[in-house]
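Undergrad: Have a look at the structure that comes next, please.
The values are calculated or read from the model by the stated rules, or taken from the named source; none is laboratory data. Quick caveat: nothing in here was measured; it's all calculated off a predicted structure. Neighbour counts run over all protein chains shown; Cβ positions are idealised from the backbone, glycine included. The protein model used for the area step is the full one, side chains on, heavy atoms only, and it has no ligands, DNA or RNA in it. Shrake-Rupley method; radii C 1.70, N 1.55, O 1.52, S 1.80 Å.
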Amino acid sequence: MADNQGTMDMFLTRALQRMHKDASRRPALKDSCIASLELVKKVGVRASDVYKTDMLNLIHKLVATLKLACESRLPKVMGTALDCFQKLMAYGFIRGDMHDPEKPDTKLMDKVIDIISRCFDFPDNNVQLQMIKAFLTAVSSPTCDVHEHALMNAVRTCYNIYLMSKNQVNQVTAKATLTQMLDIVFRRLEATKRPTPSSPSKGAGSSEAATSSAGSPDGAAEEGGAEELEIVADEDADTEADGDGGAEGVRA
């Protein structure tokens, strides 16, 4: 667990330093990167404490910094920010039950999906590829819990990348990601369906009726009818025998 925490600390530190270096003429982004770096060093990145106040403040600050990075229109900075979003979702630091501090009625995950989707119109192959990876992680991760508008936003953006991208690798990746996301959605939908009470089959009912009728007065009547048929058959046989005897008498 400590190794994972150290790895995430190291990843975010390097990513923020890289964005700060590549953010030429973006003073707001540079300042935000420095503030996020200080919080990472002070608080530390621990998934077990994700709902504590210090960790929530760090996550909200990271989201704000990554939002500025995605709006910078600098391909290297945008690619790094999208990769950070993907890692934060994959390791459970951004979750579906968190709320946006700027809009308490809005989920933080909806805001993150919207930030990623707005990078669609930037014509860079790596940016598009990082978007696809982030969307797949958001939909497939059980902690992200992407639904409704955010889910439609992710699916629509992947579809647009598939249609509009001029890079064949990104087209194939977007198509495969769409297939995986829709498969995940339908499997979850089927898993949430409650089984309906099963009604007895017609065959079972018929066999039960036949069994009950065999021990009922009606069943006895049917057996009596069978005996009557046997008696009638015997009477017919006797009649035929008498007829044969009469015929012999005539011949005599």
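Undergrad: Looking at (1) at pLDDT below 95; (2) part of a helix (DSSP H, G or I); (3) open to solvent by less than 60 Å² (accessible area, probe 1.4 Å), which is the only condition residue 29 fails?
TA: With (1) at pLDDT below 95; (2) part of a helix (DSSP H, G or I); (3) open to solvent by less than 60 Å² (accessible area, probe 1.4 Å) applied to residue 29, the lone miss is (1).
Undergrad: Another one. Only residues that are open to solvent by 20 Å² or more (accessible area, probe 1.4 Å), outside any helix (DSSP H, G or I) and in contact with a helix residue (DSSP H, G or I) (Cβ under 6 Å, 6 or more places away or on another chain): list them for region 136-195, please.
TA: The one that is open to solvent by 20 Å² or more (accessible area, probe 1.4 Å), outside any helix (DSSP H, G or I) and in contact with a helix residue (DSSP H, G or I) (Cβ under 6 Å, 6 or more places away or on another chain): 167.
Undergrad: On to the next question. So residue 132 passes all but one of these: (1) among the β-branched types (Val, Ile, Thr); (2) surrounded by fewer than 20 Cβ atoms within 10 Å (Cβ to Cβ); (3) at pLDDT 95 or above. Which condition number does it fail?
TA: (2)
Undergrad: May I pose another question? Inside region 114-129, can you point out the residues that are in contact with a Gly (Cβ under 6 Å, 6 or more places away or on another chain) and open to solvent by 20 Å² or more (accessible area, probe 1.4 Å)? Spell out the reasoning first.
TA: So the first thing to find is which residues in region 114-129 are in contact with a Gly (Cβ under 6 Å, 6 or more places away or on another chain), and the list is 126-127.
If the condition is that a residue be in contact with a Gly (Cβ under 6 Å, 6 or more places away or on another chain) and open to solvent by 20 Å² or more (accessible area, probe 1.4 Å), then 126 is the only one that fits.
Undergrad: Restricting attention to region 14-26, which residues are over 13 Å from residue 68 (Cβ atoms), at pLDDT 95 or above and either of a type in the set (Ser, Thr, Tyr) or open to solvent by less than 10 Å² (accessible area, probe 1.4 Å) (or both)?
TA: Answer for region 14-26, where residues must be over 13 Å from residue 68 (Cβ atoms), at pLDDT 95 or above and either of a type in the set (Ser, Thr, Tyr) or open to solvent by less than 10 Å² (accessible area, probe 1.4 Å) (or both): just 15.
Undergrad: Now for a different question. Among (1) open to solvent by less than 10 Å² (accessible area, probe 1.4 Å); (2) closer than 23 Å to residue 133 by Cβ; (3) under 34 Å from the mean Cα position of the chain (by Cα), which single condition is residue 55 missing?
TA: (2)
Undergrad: Could you check, for region 104-113, whether at least one of its residues is in contact with a His (Cβ under 8 Å, 6 or more places away or on another chain), open to solvent by less than 60 Å² (accessible area, probe 1.4 Å) and touching a residue at least 12 places away in the same chain (Cβ under 8 Å)? Quick ask: steps written out before the conclusion?
TA: To start, the set of residues in region 104-113 that are in contact with a His (Cβ under 8 Å, 6 or more places away or on another chain) comprises 105-108, 110.
Remaining after also requiring open to solvent by less than 60 Å² (accessible area, probe 1.4 Å): 106, 108, 110.
With the extra rule that they be touching a residue at least 12 places away in the same chain (Cβ under 8 Å), the set shrinks to 108, 110.
Yes: one or more hits.
Undergrad: What is the residue count in region 9-54 for residues that are touching a residue at least 60 places away in the same chain (Cβ under 8 Å) and touching a Gly at 6+ places or on another chain (Cβ under 9 Å)?
TA: Here the count works out to 0.
Undergrad: So for region 58-73 (the condition being open to solvent by 50 Å² or more (accessible area, probe 1.4 Å) and touching a Phe, Trp or Tyr at 6+ places or on another chain (Cβ under 7 Å)), does at least one residue qualify? Even if it seems obvious, please write down each step before you answer.
TA: Looking only at region 58-73, we keep the residues that are open to solvent by 50 Å² or more (accessible area, probe 1.4 Å), and these are 61, 67-68, 71, 73.
Filter once more, keeping what is touching a Phe, Trp or Tyr at 6+ places or on another chain (Cβ under 7 Å): 73.
Looking through region 58-73, at least one residue is open to solvent by 50 Å² or more (accessible area, probe 1.4 Å) and touching a Phe, Trp or Tyr at 6+ places or on another chain (Cβ under 7 Å).
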